[in-house]
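To start, the structure itself, in structure tokens.
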Amino acid sequence: MKHITKVAFVVLALGASACTNAGRFDNAGGGAGAGAVVPGSVSDPTSPAYFQQTIGDRILFEVDQATLNDAARDVLAQQATWLMANGAFTAIIEGHADEQGTREYNLALGARRASAVQNYLIERGVAASRLRTVSYGKERPIEICSDEACYSLNRRSVTVISAAGLTS
Amino acid sequence: MSLHKILTLGRMLTFVALSGLAGLAPAIAEPLRIEITEGVIEPLPFAVPDFQAQNAAATEMSRNIARVVAADLAGTGLFREIPSTAFISTITNFSSPVQYADWRAINAQALISGAVSVAEDGKLTVGFRVFDIFSQGQLGEGLQLAGSTESWRRIAHKVADAVYSRITGESGYFDSRVVFVNETGPKNARLKRLAIMDYDGANLQFLTDSSTLVLSPRFSPTGDRVLYTSYETGFPQIFLLQIANVGRAALPTPSGNMSFAPRFSPDGNQVVFSLEQGGNTDIYRMDVSGGNPQRLTSAPSIETGPSFSPDGSQIVFTSDRSGSPQLYVMGANGGEAQRISSGPGRYNTPVWSPRGDLIVFTKQNAGRFHIGVMRTDGSEERLLTASFLDEGPTWSPNGRVIMFTRESQGAAGSSALYMVDITGRNLRRVTNQGAASDPSWSPLQ
């Protein structure tokens with residue numbers, strides 16, 4: 001019995017770590033000694049990897065909502081600070097919805113979420129010309145779901161940092 | 001079969017009333033007829049013996065055509081095929097008198113006989129007759145259709161459409177096609193491409209490759225063009241595709257972040273669609289060429305999923321102005337909209353029936369998805385399906401059948417196309433190759 005429990009625990013732990021790391025940059029600085037800054041790695045505060053992993057590139061939304069809660073505003077404030085300190089980068093804000101909706105309504109909902117994030121970043125001082133939004137509706141889930149705990153992870157915006165300029 | 005050949009077929013097909021039948025004047029007191037009502041009906045038993053091969057080259061085709069005709073009719077749920085193993089007599093000569101007693105003995109009510117010949121130049125000629133066994137007479141005149149041998153399935157569908165029409169009094173839907181999205185890969189890394197097939201899943205062809213995400217194709221009412229949403233530029237945008245040469249171009253919409261949810265006007269000259277600017281989605285219409293853009297809604301809520309009434313005078317759409325997605329009807333030039341959905345749950349993807357009397361929609365309620373229909377004033381709502389995820393309905397050309405997307409749950413879940421009768425009966429999966437979503441049904445060809 002003990003043995004079985006242990007096996008189950010290991011599987012769960014693996015599953016959780018796979019989720020946490022999904023879509024993250026490789027941690028290129030993982031092997032570096034404490035205090036060493038590897039340019040471009042997560043240990044480099046001017047790198048997109050730092051933005052993505054240390055600040056956090058995504059925020060989550062309630063069902064059918066594009067409202068920013070306190071936790072979201074806190075992350076976005078740090079995103080804005082980073083963007084203003086690292087002026088060479090631009091960002092595309094992706095808006096996503098969970099699969100509990102129809103395709104076209106969810107495209108519109110994703111756009112509403114991305115726009116809410118964009119507006120907040122502009123409010124915090126980021127130049128509008130450095131930001132663009134794109135909605136993926138329910139087309140790009142990061143989790144495959146059948147319950148609310150999972151759906152909530154797909155109702156998200158992701159701020160994708162790019163060194164390239166924004167073009168339409 | 002090349003796309004070009006499919007498209008030129010329409011001009012090659014000819015209907016010719018069979019000559020030499022004048023002596024067989026039908027003596028039908030009460031014509032064979034299925035009255036399609038909302039009530040449960042007993043499927044009408046019919047027999048389709050192999051068609052008669054008029055020459056050696058037609059042998060295989062004479063069997064295949066009869067099989068397609070039988071599958072079309074049986075697939076409606078309104079007819080039931082009597083297997084050939086039950087036959088007492090069969091048809092050995094297309095012109096010989098029918099042995100009514102032998103067909104009546106096995107309870108066949110309709111008999112379809114046919115003759116097939118293939119000329120040296122590849123021209124296929126199919127003649128057929130429909131008999132009402134109980135009245136002992138022919139139902140309508142015999143007909144002859146001609147086309148290329150490659151078009152044999154279309155000719156078979158036309159035979160089935162004619163039989164269906166004579167018995168039900170409605171036009172058929174078998175000689176039609178469906179444009180849809182073919183899907184591969186898991187849910188969190190899905191690849192999509194536009195595809196087209198016959199309504200029954202045959203003759204599958206791809207119209208785009210999987211390199212770009214594509215969504216929600218919509219057939220033109222003339223059957224020659226498709227509007228769809230593509231991420232080709234990195235951002236969702238409406239494209240127009242010509243089926244004949246698979247040429248495509250972005251629709252010149254007014255500027256915005258995202259254009260999507262397009263549908264043609266009934267005359268095929270205009271498009272109604274959603275445009276998102278600064279996070280807000282509203283409905284616009286304009287000429288397919290890009291001229292005369294007109295904003296039809298102006299609200300901070302989401303307005304999407306517009307669909308014209310068949311007379312072009314009204315538009316049904318989805319809006320969450322009340323707090324959740326509901327269905328509204330407005331004039332084709334915008335203006336005040338009337339909410340028509342009133343039940344619990346969320347309503348999306350309304351599509352006006354080609355008959356004009358019903359609106360089909362996707363409803364989400366209590367954790368389930370449904371395809372349903374209501375009258376155009378919102379009354380008499382009926383849910384036809386229920387599952388983990390049903391959405392995106394499209395009407396058969398005669399307004400009798402609805403095709404939609406059903407997606408199954410979980411990591412191994414995938415999308416498939418299903419059909420259901422507007423009575424809610426005869427739910428079945430459309431046979432095709434691979435996972436599929438977002439069907440749009442063509443007009444009758």
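Give the distance, in whole Å, between the Cα centre of the range B:56-119 and the Cα centre of the range B:380-418.
One Cα centre to the other: 33 Å.
To the nearest 100 Å², how much accessible surface do chains B and A cover up together, summed over both, with a 1.4 Å probe?
Adding both sides of the contact gives about 3100 Å².
Using R₀ = 45 Å, calculate the FRET efficiency as 1/(1 + (r/R₀)^6) where r is the Cβ-Cβ separation of B:A249 and A:S146; round to 0.05.
The formula returns an efficiency of 0.65 here.
Ignore the peptide's own chain and count Cβ atoms of other chains within 10 Å of each Cβ in A:108-118; give me the average, rounded.
6
I'd like the mean, over residues of B:411-423, of how many other protein chain beta carbons sit within 10 Å of each residue's own Cβ. Don't jump to the answer; show the numbers that get you there.
Numbers: counts 4, 1, 4, 0, 0, 0, 0, 0, 0, 0, 0, 0, 0.
Per residue, the number of nearby Cβ atoms from other chains is 1 on average.
Quick one: work out the % antiparallel among DSSP beta bridges in chain B, nearest 5.
Numbers: 106 of 113 bridges.
Beta bridges within chain B, antiparallel portion: roughly 95 percent.
So if I restrict to the alpha-carbon atoms in the range A:44-162, what is the Rg, and what is Dmax, the biggest pairwise distance, in Å?
Cα only, the range A:44-162: 13.7, 41 Å (Rg, Dmax).
With every atom except the alpha carbons ignored, what do you get for Rg and Dmax of the protein assembly as shown, in angstroms?
Rg, Dmax (Cα atoms, Å): 28.6, 102.
Give me the Kirkwood hydrodynamic radius of chain B in Å, from all C-alpha pairs, to one decimal place?
The answer is 23.3 Å.
At a Förster distance of 41 Å, what's the computed FRET efficiency of B:Q136 paired with B:N426, Cβ-Cβ distance as r, to 0.05?
Efficiency at R0 = 41 Å is approximately 0.85.
Post the alpha-carbon centroid distance, the range B:202-221 to the range B:128-157, in whole angstrom.
After rounding, the separation between the Cα centres reads 32 Å.
As a test question: what accessible area, to the nearest 10 Å², does B:S171 have when a 1.4 Å probe is rolled over all protein chains in place?
Surface open to solvent at B:S171 totals about 60 Å².
From the protein chains alone at 1.4 Å, what is the descending order of accessible area for B:K187, B:K123, largest first?
These residues rank, largest area first, as B:K123, B:K187.
Can you tell me the FRET efficiency between B:L204 and A:S129 if r is taken as the Cβ-Cβ distance and R0 is 45 Å, rounded to the nearest 0.05?
0.50
Taking the Cα of B:D102, stepping 7 Å toward and past its beta carbon, and measuring to each backbone N in the range B:68-89: which are under 17 Å?
Within reach of a label on B:D102: B:82-89.
With charges set only on the Cβ (+1 for Lys and Arg, -1 for Asp and Glu), what does the dipole of the range B:30-176 come to about its Cα centre, in debye to the nearest 20?
200
Student exercise: in the protein assembly as shown, how many lysine pairs 8 or more apart or on different chains have Cα atoms under 23 Å apart?
Within the protein assembly as shown, the lysine pair count is 7.
Across peptide B:165-172, how many C-beta atoms of other chains are within 10 Å of each residue C-beta, on average?
On the way: counts 0, 0, 0, 0, 0, 0, 0, 0.
For this peptide, the per-residue mean of nearby foreign Cβ atoms is 0.
Could you give the size of the charge dipole of chain B about its Cα centre, using +1 on the Cβ of each K and R and -1 on the Cβ of each D and E, expressed in debye and rounded to the nearest 20?
Values: 37 positive and 40 negative charges, 114 e Å.
Dipole size: approximately 540 debye.
Put one equal scatterer on each alpha carbon of the range A:47-113, apply the Debye formula with no solvent term, and list log10 I(q)/I(0) at q = 0.16 1/Å to two decimals.
-0.62
The values are calculated or read from the model by the stated rules, or taken from the named source; none is laboratory data. Predicted, not measured: the structure shown is a model, and the values here were computed from it. All Cβ positions, glycine included, derive from the backbone under ideal geometry; neighbour counts span all protein chains shown. We work out accessible area using only protein heavy atoms, side chains counted, and drop any ligands, DNA or RNA first. Shrake-Rupley method; radii C 1.70, N 1.55, O 1.52, S 1.80 Å.
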